[in-house]
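Asks: I'd like to ask you about the structure that follows.
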Amino acid sequence: VLDHIQVGLAVALPSGEIIVHNAEAARIFACADGLRLGRDAHLLCRDPLRRWRVEAAILAVSRTLRGAGDRCEVLEVIDRPSGLHPFLVEVTPLADSGGEIDRDLAGALAMIVDPDNVPPASARRFAALHGLTAAETEICELLVLGASGPEIAERRGTSPETVKSQIGTVLAKTGARGRGDLIRQVLRTLPPVT
């Protein structure tokens, strides 16, 4: 199931050792673009200070689970030598009292976001929620992708006036106050899975 989540997930022991990770984390590690998994199963950052900060975060949130700390979330930005957008690593406490991973695990979950590997947003679920027609769904999808009214008209082979009317209908049916609000609403309906 974890392999269908669009965010890299890595479960760490308080020592910093990664004991489980999903497919997106494996893809990120394989890129070795500022962040990778070392032979000792620890997260390695190109910048030694960042590595120390990530390991310190794992230890700090793990201590919180044992009542010896108060860190519930730590965010780190990991620069990438390739020049792509940095990775965002969020470290939070993770307990496994049910013993599914490791009996009495009191460690950390590292969530790794790669802003350059985000699947395109789909308005399909949003359109179903608001009862949009097939044409309105297509308009909504194109708006989410950033297409302008004239671009939508050209792609759909319709007049700009028709598209303007359809955009108005989409906004009215969904209660969106404008394109930005429409995009925000669409993003709220997206599950973080592929």
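The values are calculated or read from the model by the stated rules, or taken from the named source; none is laboratory data. As the structure is a computational prediction, the values presented were derived from the model and not from experiment. Cβ sites come from the backbone with ideal geometry, for glycine too, and all protein chains shown count toward neighbours. Accessible surface areas use protein heavy atoms only, side chains included; no ligands, DNA or RNA. Shrake-Rupley method; radii C 1.70, N 1.55, O 1.52, S 1.80 Å.
Asks: Contact list please: Cβ distance under 8 Å, first residue in region 153-170 and under 12 Å from Leu142 (Cβ atoms) and among the charged types (D, E, K, R), second residue open to solvent by less than 50 Å² (accessible area, probe 1.4 Å) and in a loop (DSSP other than H, G, I, E, B), pairs at least six apart or on different chains.
Replies: So the pair list comes out as Arg155/Ala147.
Asks: Can you tell me how many residues within region 82-92 are touching a strand residue (DSSP E or B) at 6+ places or on another chain (Cβ under 9 Å) and either in a loop (DSSP other than H, G, I, E, B) or modelled with pLDDT under 80 (or both)?
Replies: Selection size over region 82-92: 1.
Asks: Search region 20-57 for residues being touching a strand residue (DSSP E or B) at 6+ places or on another chain (Cβ under 7 Å) and touching a residue at least 60 places away in the same chain (Cβ under 8 Å), and hand back the single one that is surrounded by the fewest Cβ atoms within 10 Å (Cβ to Cβ).
Replies: Filtering first and then ranking leaves Val20.
Asks: Moving to a separate point now. Is at least one residue of region 93-111 at pLDDT 90 or above and under 30 Å from Asp181 (Cα atoms)?
Replies: Yes, because at least one residue in region 93-111 is at pLDDT 90 or above and under 30 Å from Asp181 (Cα atoms).
Asks: Got a sec? Which of Thr158, Thr162 is open to solvent by 40 Å² or more (accessible area, probe 1.4 Å), part of a loop (DSSP other than H, G, I, E, B), farther than 30 Å from His4 by Cα and not acidic (Asp, Glu)?
Replies: That would be Thr158, the only listed residue that is open to solvent by 40 Å² or more (accessible area, probe 1.4 Å), part of a loop (DSSP other than H, G, I, E, B), farther than 30 Å from His4 by Cα and not acidic (Asp, Glu).
Asks: Also: Could you grab me the full set of residues in region 166-183 that are assigned to a helix (DSSP H, G or I) and surrounded by 12 or more Cβ atoms within 10 Å (Cβ to Cβ)?
Replies: Gln166, Ile167, Thr169, Val170, Leu171, Lys173, Thr174, Arg179, Asp181, Leu182, Ile183
Asks: Now for a different question. Being in contact (Cβ under 8 Å) with a residue 40 or more places away in the chain, open to solvent by 50 Å² or more (accessible area, probe 1.4 Å) and not polar (S, T, N, Q) is the filter here; which residues of region 5-19 pass it?
Replies: Across region 5-19, the qualifying residue is only Ile19.
Asks: Separate question: Quick check on my filter: what residues within region 116-145 are open to solvent by less than 60 Å² (accessible area, probe 1.4 Å) and outside any helix (DSSP H, G or I)?
Replies: Pro119, Ala121, Ser122, Ala123, Gly131, Leu132
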